[in-house]
Amino acid sequence: MRGVTAAALLGLALAGCAPHPILKTPVHTPVQMQWEQVPTGISQPGTPLAPTAWWQVFHDPVLDHLMTLGLENNLDLRQAQARIQQARAQRLATVAALWPDLTASAAGERNKSPLLPSSTPLNSFTAALNASWNVDLFGQLRNQERAATATLQATQLDYDATKVTLTAQIATDYLQYRLFQLQYAIATRSAESQAEVVRITRLRFEQGAASRLDLEQVVSQLALTRAAVPQAYEQADAARNSLILLLATTPQAVATELPVGVKENPQLPNGDPLEVLLTPAQVIEQRPDIQAAEFRLVSAAATLKAALAQRYPQLTLGGMFGSAATEVGQLMKPGSAAYNVGLNLTLPLFDFGRIRSSIDQADAQQLEAYLSYEQTVRGALQATQTAIVMYAQGVLRKQQMDTALESARTASRLARRQYQAGALALLNVLIAEQAEYNTELSWSDAAAAVSQRLIALYQTMGVLPPESTVQASG
């Protein structure tokens, strides 16, 4: 397998971010460049994804509507939006620090010296515009602004990452809701079928053609199957309540799309087979959590450079223009004009390690941001590789379960007919009935697993609807 260093990937990502400082000791470790065990039928990795919402592969209008509600109402998304507003305000504050401060002031004083008891009290009044400007000679303020800008961009990408997680969770919970509805229907239908066997066995027992043992066996099996009905119901209700929480809505608002009871002939969301698979490089480029980690590294680099600038001289310019007089009425009259200008240059000499400690802290934060970036990249690639294999194996399992279910249903029908005709023992009927029921439950799990793994694969690739784009702040 070919490899490339995470440091090299990072260098490409930060190519346009000069003059941000780089790590003194970058970590050189290879990352995955191609997938293993790519399922057959998937187009050549690297084909661009169609600009559509990925959940539309399920062709389920209910799911489409739930996604719309979730993207509009979800509280996690709204909190992410609030964090964007906070980051935007913080950035504006750092931008403002680059410009002069201008204030207006007015003052009045009345003074009398105790050293001159007979002196007349003196009045003084001033009105002025005051300006001060911290001249950013060595880039401390500019780098603080760069750090805040990168943090804002990372926060915006966090919002997109929340969307990725949210849409996958909505689809997963909806799939679970439909799965438990289906299992509720399977248990109910199997109980009805087994109840018919109990009826026939009871008649045969009353006629002396069946033993008490036969009757108790079929009654016991019927009770076990009926016990699965409330279990499936409560699981469907729990998945429904989880969806309601994600959508930040009420049960009444989704009563039509998500009924409390089982709907007739419930169907599992069955997605189109995966046709497009992104390459590892495309996953790194597309996933918003990786991009957010990258911008946090940019922010940490700018913060370190701002800390380094504390070692150099700081220049502040100041000035005042206004009017001064001994009477209020004389302010702003000819001859009352007053002004002053000045500059202040400071150079740190001895601070007992304060600046050094802030630099060391920023340097450690930059290293942490780099390692976090690398860990995020590796976690994304590992999760995607796992999702690919699980999806491929899930499809194969589902194909075998289709065959098993068809055979189990045929065997169960034949067993009931032969038992009614007296050509088969009851034990064989019980075995066939139980096999059909268990196989149908296993088939439903396998079918749901394919859709669930398809959802997970879209999530690990970081696929977002086309309108989810990051608006970078200048």
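Only the coordinates and a few stated rules stand behind these numbers; no lab work does. Because the structure is a prediction, the values reported are computed rather than measured. No Cβ is skipped: glycine too gets one built from the backbone with ideal geometry, and neighbour counts run over all protein chains shown.
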field: Cα centroid of the range 405-461 to Cα centroid of the range 319-398, whole Å
entry: 62
query: Here are several values of volume of the Cα convex hull per residue in Å³: (1) 270; (2) 183; (3) 169. Which one was derived from the coordinates shown?
result: (1)
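If I stretch the segment between LEU414 and GLU234 completely, what's the gain in nm (0.36 nm per residue apart, minus their alpha carbon distance), one decimal?
Length gained, LEU414 through GLU234: 61.4 nm.
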task: Subtract the Cα-Cα distance of SER124 and HIS59 from 0.36 nm times their separation in residues, and report this length gain in nm to one decimal.
output: 15.3 nm
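How high is the relative contact order of the chain, given as a whole-number percent (alpha carbon pairs under 8 Å, six or more residues apart)? Don't jump to the answer; show the numbers that get you there.
On the way: 649 pairs, mean separation 121.2, N = 474.
Contact order relative to length: 26 percent.
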- prompt: Is the shape of the range 356-439 rounded, prolate or oblate, going by the alpha carbon gyration tensor and its root eigenvalues a ≥ b ≥ c, with a/c under 1.5 for rounded and a/b larger than b/c for prolate?
  reply: prolate
message: Using a 7 Å offset from the Cα along the Cα-to-Cβ direction at both ASN270 and SER220, what is the distance between the two label points in nm, to one decimal?
response: 3.7
- line: Ordering 346-354, 332-340 by per-residue average of other C-beta atoms within 10 angstrom, highest first, gives 332-340, 346-354
Angle between the chain longest axis and helix 75-96 axis [Cα atoms, degrees, rounded to 10]: 20
- prompt: Which part of the range 168-187 falls in the paramagnetic zone of GLU257, meaning amide N under 13 Å from the point 7 Å along Cα-to-beta-carbon?
  reply: 170-175
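If you take the beta carbon distance between GLN86 and GLN330 as r and set R0 to 35 Å, what does 1/(1 + (r/R0)^6) give as a FRET efficiency, to the nearest 0.05? Could you put the intermediate results ahead of the total?
Numbers: r = 49 Å, r/R0 = 1.39.
Calculated transfer efficiency: 0.10.
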task: Please find the FRET efficiency linking LEU427 to ALA195, where r is the Cβ-Cβ separation and R0 is fixed at 25 Å, and quote it to the nearest 0.05.
output: 0.85
message: I'd like the orientation of helix 140-206 relative to the chain: the angle between its Cα long axis and the longest Cα principal axis, in ° from 0 to 90, rounded to 10.
response: 20
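As a check on your grasp of the helix formula, calculate [θ] at 222 nm for the chain: sum -39500 (n - 2.57) over DSSP H runs of n ≥ 4, divide by the residue count, round to the nearest 500.
Working: 9 runs with 276 residues, N = 474.
Calculated at 222 nm, the ellipticity per residue is -21000 deg cm²/dmol.
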